[in-house]
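A short worksheet on the structure shown next.
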Amino acid sequence: MTQQYASVTDLAKIFAIGRTKATELVHQMETEPDFKDNVISFSHRKKNVNIEAFREFLVTKVSRQWVK
């Protein structure tokens, strides 16, 4: 069985980004109607995120956003 959900800290490791950036992206994900159901919030500090949904969020919403 493959892992479907990961903590924000583990997402940072999986995608080789900083923990602060991962936290920021998860907060953005929570505000997007298409992605908010992929974040499980246990408390204000503990969240688990669907790994595939996070990957999709990165590709569709974040990738190349800095290029104008």
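Per-structure values
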quantity	calculated
Fraction of alpha-carbon pairs over 18 Å apart in the chain - percent	30
Sum of side-chain charges, THR60 neighbourhood, beta-carbon under 10 Å (Lys, Arg +1; Asp, Glu -1)	-1
Chain lengthening between GLU52 and ASP37 when straightened (0.36 nm per residue, less Cα-Cα)	4.1 nm
Loop chymotrypsin sites (Phe, Trp or Tyr not before Pro), the chain (other Cβ atoms within 10 Å of the site Cβ: 11 or fewer; DSSP)	PHE42, TRP66
Computed over the stretch 5-62: relative contact order in percent, which uses C-alpha pairs under 8 Å that are six or more apart	36
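Values quoted throughout were computed directly from the atomic coordinates according to the rules given, and no laboratory measurement underlies them. The structure displayed is predicted, hence computed values, not measured ones. Quick reminder, even Gly has a Cβ in these numbers, built from the backbone with ideal geometry, and neighbours come from all protein chains shown.
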